[in-house]
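Remarks on the structure that follows.
The values are calculated or read from the model by the stated rules, or taken from the named source; none is laboratory data. Since this is a predicted model, take the numbers as computed values, not measurements. FYI the Cβ positions are ideal-geometry reconstructions off the backbone, even for glycines, and counts take in every protein chain you see. SASA here: full protein model, heavy atoms, side chains in, ligands and nucleic acids out. Shrake-Rupley method; radii C 1.70, N 1.55, O 1.52, S 1.80 Å.
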Amino acid sequence: MLSIQDLHKSFGDVNALSGASLEVARGQMIGFLGPNGAGKTTTMRTIFGLVHPDSGTVTWDGREIAHDDLLRFGYMPEERGLYPKMRAGDQLAYFGRLHGMSKHDAQSSATTWLDRFGLGDRAGDPIEALSHGNQQRVQLAAALVHDPELLVLDEPFSGLDPIAVETMSGILQDQAATGKAVIFSSHQLDLVEDLCKDVAIIDAGEVVVRGNVEQLKDESPIRHLELEIDGDAAPLLQALEGVQELSTDDHRVSAIISAETDIRGFVARAQEAGKLRHFSYTTPTLSDLFREAVR
Amino acid sequence: MTGLGALWQIALREIRERLRSRAYLITTALTILIVLGLVVLPTVFAGGTEMSTVGLVGSGNQTIVDTAVALGNANDNPGDPPSVEIDTATYDSRDAGVAALEAGDIDALLVDATEVVVPSTGGFNGSSLADRLQRAASAVQIQTVVQEQGQQAADIVKLLTTNALEVTTLTQGSEESGQTRTIIAYFGLILLYMAVLLYGTWILTGVTEEKSNRVVEVLVSSVRPWQILGGKVLGIGTLGLTQLLVTLVAAVVAIRVTGAVDLPNIEVTSVLNLLLWFVIGFLMFAVLFGAAGSLVSRMEDAQTIAMPMTFTAVAGFFISITTLDNPSGPLAIFGTYFPLTAPFVVPVRAALQALSPLEYVLAVVIALSAIAILTRVAGRIYQGALLRFGSRVGWREAWRSSQR
């Protein structure tokens with residue numbers, strides 16, 4: 001279990017982190033969300049000792065992270081970095097070796113991962129000869145080659161085409177399913193909603209929301225209500241308690257209402273007003289939660 | 001993995017990847033070719049025979065030509081081809097000879113043993129030929145005077161051409177070996193100077209490269225900065241010094257084969273002296289170049305950041321040269337105990353026997369301590385600067401931003 005508690009860090013006058021806390025258990029995959037400059041990369045770097053927090057702790061299985069632990073972590077930095085002239089296979093084997101693998105294990109693992117990413121025939125090519133997407137695949141493979149217990153990935157999906165996103169999503173889900181702790185940052189909220197049961201949202205250096213996505217949605221103070229009838233639906237909605245926002249698109253009216261609002265009987269009232277074409281009552285999306293959190 | 005394990009992996013990667021790169025192989029081949037050229041070419045040119053044709057008009061000319069050939073070949077080794085060969089052609093009149101000279105049939109024209117005519121655009125060969133004939137003519141004249149005037153003239157000529165005072169040099173028993181030591185020390189000095197600047201730059205750009213292509217962030221997530229820096233110095237150092245050694249061996253073999261230079265017999269102690277300071281000097285500058293490389297993120301900035309080290313190496317080189325004239329002067333003493341100049345100065349002073357064993361040991365101890373301190377300082381600067389991308393990071397800023 002990775003546990004980050006109450007991190008504070010300032011660079012000169014800039015407060016990068018002011019109370020960042022989150023936890024990632026083995027077998028759990030957490031989406032780490034936040035606007036640009038909120039402190040995602042800084043938080044991830046503290047795990048590897050690349051940034052030293054002014055206060056707060058980062059522990060793995062309850063202990064402060066030692067150098068040997070780092071050998072069992074995998075990291076994909078936001079700024080991708082590989083040796084452009086080094087062959088893809090050699091490069092992966094090299095990172096395996098740096099993480100303490102034997103020569104044979106490193107080489108066979110490099111081959112396995114290249115095959116898995118569909119790059120088996122490119123093992124002998126220098127990185128600079130690969131396309132951007134393929135370089136990104138190799139970069140992820142570099143974080144996975146030593147079979148780490150914790151995966152920390154900074155924007156692993158940025159710049160990938162939909163098929164690559166699918167491959168990478170599948171691999172990350174596999175990793176979590178085999179008991180790895182996985183945390184990745186992303187701006188693609190829909191993707192995170194699909195992939196992760198759990199999220200953490202950071203804003204201005206502080207983790208403002210964290211937990212199970214479904215639970216967060218349930219606990220949200222708002223609900224979405226959509227209605228479409230023959231005739232004007234707006235008065236019906238306006239009559240409800242706790243309406244926060246109302247918007248009309250053609251005949252369909254959308255409203256954000258309080259979760260407390262009692263909507264029992266609402267459908268019946270709508271049907272009386274005109275023929276009911278559409279009705280939905282949902283918890284907010286992750287995007288809504290995100291916007292709410294970083295407002 | 002143990003600390004040295006990762007360091008070793010990094011060194012191995014440097015060696016493997018650079019051996020695979022065309023740039024390394026080409027520069028090595030080119031260096032060897034240049035060195036072989038420098039050794040072999042002079043002997044090829046020196047071995048040639050200077051051929052020329054001289055036109056003769058009137059009488060008394062043949063003696064001058066014969067004397068010129070004899071003088072020109074006076075220093076030849078028996079069995080070698082002659083250095084000078086002169087063919088002759090006889091003409092009836094000066095005008096006929098000049099015409100032949102203008103036509104390029106002959107290189108010079110001798111008239112009645114009193115005049116030599118050379119083309120106006122004479123060039124190198126023409127003027128040297130005129131000199132040759134001039135000296136031969138003088139010799140012939142002196143010979144004639146001596147023959148006519150007898151012993152008296154011979155004495156005068158002898159007085160004019162010999163030194164009046166016999167010079168006796170006070171020699172020490174080891175003078176020759178002392179000279180050899182100095183030559184070797186200087187040779188080593190030049191090699192160290194080249195190695196520091198050339199391979200130091202390799203280390204510098206190698207470090208900057210990792211920063212500019214951002215691979216460094218992946219590296220430092222599992223490898224300690226001192227392991228990266230140490231691995232780079234070890235790997236590139238090994239590779240650079242191998243290149244140097246291969247070149248040296250090629251040069252020595254070429255010299256032995258062609259006999260171009262008399263190689264001195266080299267004492268083991270002077271080689272050890274040289275080797276010790278070579279390693280000390282290289283390590284000292286290598287860690288500094290490595291730290292400097294971490295301060296910049298772009299290759300364009302890498303050269304300017306090296307200025308302080310380059311300047312120090314140049315200063316050490318010049319202090320070392322002044323040491324030759326004044327082995328115990330204040331500059332020499334400063335250079336001995338200032339660790340960054342010591343690798344240049346100490347081997348030369350030791351060769352000149354201007355250092356007592358105690359002073360020598362003191363210099364070694366200071367230099368080794370300096371390496372220990374510099375490695376820590378460089379390691380900390382390296383660590384502090386590694387993840388600060390963008391504009392150049394100041395030395396002091398890097399020091400401060402690094403913790404632990």
Completion exercise
Among region A:44-85, those whose backbone N falls under 13 Å of a label point 7 Å along Cα→Cβ from A:Glu149 are A:59-74
Handout entry: Centre separation in Å (Cα based) which lies between region A:134-155 and region B:274-292
Key = 36
Handout entry: Cross-link partners of A:Lys197 among lysines (Cα-Cα below 20 Å; sequence separation of 8 or more within a chain)
Key = A:Lys40, A:Lys180, A:Lys217
Practice task
Starting from one equal scatterer on each C-alpha and no solvent at all, send me the Debye-based log10 I(q)/I(0) for the protein assembly as shown at q = 0.05, 0.06, 0.10 Å⁻¹, two decimals.
Solution key: -0.47, -0.60, -1.05
Practice task
Choose one answer from A:Gly205, A:Gly124, A:Gly39: the residue with the largest mean-square fluctuation in a GNM of chain A with alpha-carbon springs under 10 Å.
Solution key: A:Gly124
Exercise for the section: Among B:Leu109, B:Leu165, B:Leu198, determine the one that fluctuates most according to a GNM of chain B built with springs between C-alpha atoms less than 10 Å apart. Expected result: B:Leu165
Handout entry: Burial of 50 Å² or greater, region B:377-396 residues [accessible area, probe 1.4 Å, versus chain by itself]
Key = B:Leu387
Fill in the blank from the handout: Note on region A:89-120: residues buried by at least 10 Å² of accessible area once partner chains are added (vs chain on its own, 1.4 Å probe) come out as A:Asp90, A:Tyr94, A:Phe95, A:Arg97, A:Leu98, A:His99, A:Gly100
Exercise for the section: Taking chain B as the reference, fit the longest principal axis to its C-alpha atoms, fit the long axis of helix B:94-103 to the helix C-alpha atoms, and give the angle between the two in degrees, 0 to 90, nearest 10. Expected result: 30
Exercise for the section: Please give the solvent-accessible surface of B:Trp399 in Å², to the nearest 10, using a probe radius of 1.4 Å with every protein chain present. Expected result: 100
Problem - Estimated 222 nm signal from helices in chain B, with DSSP H stretches of n ≥ 4 weighted -39500 (n - 2.57), rounded to 500 - result: -24000 deg cm²/dmol
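Which percent of the accessible heavy-atom area of the protein assembly as shown goes to carbon and sulfur, probe 1.4 angstrom?
Numbers: 19710 of 34830 Å².
With neighbouring chains kept in place, the figure for the protein assembly as shown is 57 percent.
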Practice task
Give me the accessible area of A:Glu155, 1.4 Å probe, in Å² rounded to the nearest 10.
Solution key: 20
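Quote to one decimal, in nm, the extra length available between A:Ile256 and A:Ser131 on full extension: 0.36 nm per residue of separation minus the C-alpha distance between them. Don't jump to the answer; show the numbers that get you there.
Numbers: separation 125, 0.36 × 125 = 45.00 nm, distance 4.43 nm.
Full-extension gain reported as 40.6 nm.
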Practice task
Report Rg (one decimal) and Dmax (nearest whole number) for chain B, counting Cα atoms only, units Å.
Solution key: 31.3, 98
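Evaluate Rg over Rh across chain A, taking Cα atoms for both radii and Kirkwood's formula for Rh. Let's see the in-between values first.
Working: Rg = 23.3 Å, Rh = 21.4 Å.
In chain A, Rg relative to Rh is 1.09.
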Problem - Cross-link partners of A:Lys275 among aspartates and glutamates (Cα-Cα below 14 Å; sequence separation of 8 or more within a chain) - result: A:Glu228, A:Asp230, A:Asp232
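Could you calculate the FRET efficiency of B:Ala130 with B:Glu397 from 1/(1 + (r/R0)^6), where r is the beta carbon distance between them and R0 is 60 Å, rounded to 0.05? Mind showing how you got there, number by number?
Numbers: r = 70 Å, r/R0 = 1.16.
For R0 = 60 Å, the calculated efficiency reads 0.30.
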Practice task
Using a 1.4 Å probe and counting only protein heavy atoms, arrange B:Asp325, A:Asp203, A:Asp230 so the residue with the most accessible area comes first.
Solution key: B:Asp325, A:Asp230, A:Asp203
Exercise for the section: Go ahead and set up a Gaussian network model of chain B, Cα springs under 10 Å, then flag whichever of B:Pro357, B:Pro119, B:Pro339 fluctuates most. Expected result: B:Pro119
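Between B:Thr304 and A:Glu79, how high is the FRET efficiency from 1/(1 + (r/R0)^6) when r is the Cβ-Cβ distance and R₀ = 35 Å? Nearest 0.05. Before the final figure, lay out the partial values.
Values: r = 24 Å, r/R0 = 0.68.
So, using R0 = 35 Å, E works out to roughly 0.90.
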Problem - If the convex hull is drawn through the Cα atoms of region B:210-320, its volume per residue in Å³ - result: 152
Problem - Rel. contact order, % - alpha carbon contacts under 8 angstrom, at least six apart, chain B - result: 19
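Can you give the accessible area per residue of chain B, in Å², using a 1.4 Å probe? The partial results should precede the final answer.
Values: 21610 Å² over 404 residues.
For chain B, the solvent-accessible area averages 54 Å² per residue.
Once R0 is set to 35 Å, what does the formula 1/(1 + (r/R0)^6) return for the Cβ-Cβ distance between B:Val249 and B:Val361, expressed as a FRET efficiency to the nearest 0.05? Intermediate results must be reported in sequence, preceding the final value.
On the way: r = 32 Å, r/R0 = 0.90.
Once rounded, the FRET efficiency stands at 0.65.
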